[in-house]
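Undergrad: Below you will find the structure I want to go over with you.
The values are calculated or read from the model by the stated rules, or taken from the named source; none is laboratory data. Computed from a predicted model, the values in this text were never measured in an experiment. Here the Cβ positions follow ideal geometry from the backbone for every residue, glycine too, while neighbour counts run over all protein chains shown. For the accessible areas, the whole protein counts, side chains as well, though only heavy atoms, and no ligand, DNA or RNA atoms are used. Shrake-Rupley method; radii C 1.70, N 1.55, O 1.52, S 1.80 Å.
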Amino acid sequence: MNTEETTLDKIRSRPRFKMFTNLTKEEYAENLKKYLAEHKEEFSGNINKEVATICVETKYDNYWKPRLSLRIEIEDEKTAIRGVFGPSSAVWTFFMFLYFSFSILWMTFFSMYYVEKQINSHDFPWAIHASFLMLICIAITYAAARFGRYKGKEEMLKLRRFAEESTLHFEKMD
């Protein structure tokens, strides 16, 4: 098994990696199910031959509780496992909605300010302040996402270990 990871993967909102194995998609999915059953007190998840979603069993459930999404594909006659760490899809969608909303509002308020200056109007004196407020909201959203990622780092490491050990464990058996 070999793993590919780039510097860009370390700074993304949803870190990712890619592993290669000589197992077929079906064998890998079955092996993942066996490994998950052996470690059911530590991990839970849903696995099929195309996609697997794994999360760490904890006493608490915070907004960032990371999940590992594995996509199993065939690439150059080898099985490629693409892993993406991230929160639940509901949390991810909410954060993307916030980024989108604040960005659109920032563009709107800044455009209002710019047009006001171009036509020498004084109808929207608050527009520049509102645009700065939207930039602050974007920064707060980003900081909240990074804080959540920091809080979930230990669980992300466990999930990464799960991905590596579940693959290595069964490759050694073959």
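Undergrad: Assess whether PHE97 counts as being aromatic (Phe, Trp, Tyr) and either surrounded by 14 or more Cβ atoms within 10 Å (Cβ to Cβ) or assigned to a strand (DSSP E or B) (or both).
TA: For PHE97, the condition - aromatic (Phe, Trp, Tyr) and either surrounded by 14 or more Cβ atoms within 10 Å (Cβ to Cβ) or assigned to a strand (DSSP E or B) (or both) - is not met.
Undergrad: Within the range 16-31, can you find the residues that are assigned to a helix (DSSP H, G or I) and either within 16 Å of GLU75 (Cα to Cα) or out of contact with any Ser or Thr (no Cβ under 7 Å at 6 or more places or on another chain) (or both)?
TA: Selection gives LYS25, GLU26, GLU27, TYR28, ALA29, GLU30.
Undergrad: Continuing with the same structure: So, GLY86, is that one closer than 22 Å to HIS39 by Cβ and of a type in the set (Gly, Ala, Ser) or not?
TA: yes
Undergrad: I would also like to ask the following. Would you point out which residue out of TRP106, TRP92 is open to solvent by 30 Å² or more (accessible area, probe 1.4 Å), assigned to a helix (DSSP H, G or I) and at pLDDT below 85?
TA: TRP92
Undergrad: Please indicate, with yes or no, whether at least one residue in the range 77-84 is among the aliphatic types (A, V, I, L, M) and within 15 Å of the chain's Cα centre (by Cα).
TA: yes
Undergrad: Enumerate the pairs (first residue in the range 75-97 and closer than 20 Å to GLU155 by Cα; second residue anywhere and among the hydroxyl-bearing types (Ser, Thr, Tyr) and open to solvent by 70 Å² or more (accessible area, probe 1.4 Å)) with beta-carbon separation below 8 Å, excluding pairs fewer than 6 apart on the same chain, so at least 6 apart or on different chains.
TA: Cβ pairs passing all conditions: PRO87/TYR63; VAL91/TYR63.
Undergrad: So, in the range 49-69, how many residues would count as being in a loop (DSSP other than H, G, I, E, B) and surrounded by 20 or more Cβ atoms within 10 Å (Cβ to Cβ)?
TA: Residues meeting the conditions: 2.
Undergrad: For the range 122-143, which residues satisfy the criterion of being in contact with a helix residue (DSSP H, G or I) (Cβ under 8 Å, 6 or more places away or on another chain) and open to solvent by less than 60 Å² (accessible area, probe 1.4 Å)?
TA: ALA127, ILE128, ALA130, SER131, MET134, CYS137, ILE138, THR141
Undergrad: Right, next: Kindly indicate whether any position in the range 152-168 is loosely packed, with under 14 Cβ neighbours inside 10 Å, modelled with pLDDT under 80 and outside any helix (DSSP H, G or I).
TA: Looking for residues that are loosely packed, with under 14 Cβ neighbours inside 10 Å, modelled with pLDDT under 80 and outside any helix (DSSP H, G or I), one finds none in the range 152-168, hence no.
Undergrad: Which numbered condition in (1) free of Cβ contacts under 8 Å to residues at least 60 places away in the same chain; (2) open to solvent by 60 Å² or more (accessible area, probe 1.4 Å); (3) within 30 Å of GLU30 (Cα to Cα) is the only one that TYR113 fails?
TA: (3) is the only condition that TYR113 fails.
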